[in-house]
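These notes concern the structure reproduced below.
The values are calculated or read from the model by the stated rules, or taken from the named source; none is laboratory data. Predicted model, so just to flag it, every value in this text is computed and none were measured. Glycine also receives a Cβ, built like all others from the backbone with ideal geometry; neighbour counts cover every protein chain displayed. Protein only, heavy atoms only, side chains kept; ligands, DNA and RNA dropped before computing areas. Shrake-Rupley method; radii C 1.70, N 1.55, O 1.52, S 1.80 Å.
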Amino acid sequence: MKVLVTGANGQLGQDVTHVLAEAGYQVIGCGRAELDITNMELCKQVVSSHNPDIIIHCAAYTAVDAAETDTDGAYLVNAIGTRNIAVSAEKIGAAVVYISTDYVFNGTSERAYVEYDDTDPQTIYGRSKLAGEDMIRDFCSKWFIVRTSWVFGLHGNNFVKTMLRLGQEKPKLKVVNDQKGSPTYTVDLAQFLVNLISTEKYGLYHASNSGSCTWYEFTQAIFEEAREQLGLEIMAELQPCTTTEFPRPAPRPANSTMDHLAIRLNQIDDLPNWGEGLKQFMVDMKQHPDLYLK
C-alpha cells in the first residue's frame, strides 16, 4: 500500500514516515518544497502523479499565538490547504487522514471531551483547524479525522525540549498548574495512525497518550526522566503558577483532556500512558543527544 505524507519534514511527519516505512508501507514524504498545499493545481498534480492509496495530512499552521494576528495565513494553510488535499485525494479515490487538535473545544469542560461533544474553538488556530475538519468531511468519501494534543517528539521544537533547556539554564522556573491535558509522543501517535489506516473504520477519533496532567506535573516528570535517562543536571527550582501569570495572545484551554471513545468502540489499540510515552522519548533521545537542545 502506498501512503503520501504531507508535512513530512515536521515534528510529527518525520516520525509518521519512519514508522510507516518500518511497517512495510511504500511512503512518499512531501515537505513544503515538494508540495505547497495552498496551491490547488500543484496538489492535484503531485497527488495524481504519485497515486497513493492513503494521504496522511500532517502539514499545518501550528503557531497558535501568531495565528491571532495572521488570520489569513492560518486559514490559508489549515482550511484552504486541507481542501486542496481533500479534493486531490477524492479525484484519485484515496483515503485521507487529517490531524486535528484539542483546540476545537473551548477547554472549559469538567470532564474529558468525547468525539461527539460540540466544538467551540476560542482561537484563530482552533477555528482554522475546525474549518479543515469541515473540508475533509465535505470533499472526501473516505476519511479519518484524528484530534491530538500536547505533541512532543525528537524532531523540531516542543515543550519537552524547551523545559530541558530552561531546566539547565534557569535558577527558578514557573510552570502553569491550572491547565490540564494529555502529552502525546509523536512515535506513539504515528504507530496509532499506522494501525488505523489498516482498517476501514473511517470517522472521527481522539488520539493522545492516555492519562492526563498539568503542565507543571508534566515538567516534574520531564525533569525526573531527564535525570534518570539522560543524566542531565537540572538546576531549576520548579514552581507552580496560574495561567493569569503568563498571559498569551491566544487563550489556552483549562482542560484539553480527550476521551478515546471512538478508539474503544472500534476496538483499536489505544496509545500508552503519557508517562510511558515520555520515558520512551527520553530513551530514544539518548540515542540522539544532538537533538534534545535543538
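Among residues of the range 126-152 that are open to solvent by less than 30 Å² (accessible area, probe 1.4 Å), those with a beta-carbon under 6 Å from a residue that is among the charged types (D, E, K, R) at least six positions away or on a different chain give the pairs CYS140/GLU90; ILE145/GLU133; SER149/ASP102. In the range 236-261, of all residues being over 14 Å from SER109 (Cβ atoms) and in a strand (DSSP E or B), the one that is most open to solvent (accessible area, probe 1.4 Å) corresponds to GLU237.
Within the range 1-33, being open to solvent by 50 Å² or more (accessible area, probe 1.4 Å), over 19 Å from GLY93 (Cβ atoms) and at pLDDT 95 or above holds for ASN9, GLN14, HIS18, ALA21, GLU22, ALA23, GLY24.
Scanning the range 86-117 for residues that are among the basic types (Lys, Arg) and either in contact (Cβ under 8 Å) with a residue 60 or more places away in the chain or surrounded by 24 or more Cβ atoms within 10 Å (Cβ to Cβ) (or both) yields a single hit, ARG111.
Taking the numbered list (1) within 21 Å of the chain's Cα centre (by Cα); (2) open to solvent by less than 50 Å² (accessible area, probe 1.4 Å); (3) among the hydroxyl-bearing types (Ser, Thr, Tyr); (4) within 19 Å of THR108 (Cα to Cα) in turn, TYR205 passes all entries but (4). Put simply, of GLU233, GLU228, GLU200, GLU245 the only residue that is closer than 28 Å to VAL97 by Cα and either modelled with pLDDT under 95 or in contact with a strand residue (DSSP E or B) (Cβ under 9 Å, 6 or more places away or on another chain) (or both) is GLU200.
Determine whether ARG264 is part of a helix (DSSP H, G or I), surrounded by 12 or more Cβ atoms within 10 Å (Cβ to Cβ), basic (Lys, Arg) and out of contact with any helix residue (DSSP H, G or I) (no Cβ under 8 Å at 6 or more places or on another chain).
On the way: part of a helix (DSSP H, G or I): yes; surrounded by 12 or more Cβ atoms within 10 Å (Cβ to Cβ): no; basic (Lys, Arg): yes; out of contact with any helix residue (DSSP H, G or I) (no Cβ under 8 Å at 6 or more places or on another chain): yes.
Here the answer is no, as ARG264 does not meet what is asked.
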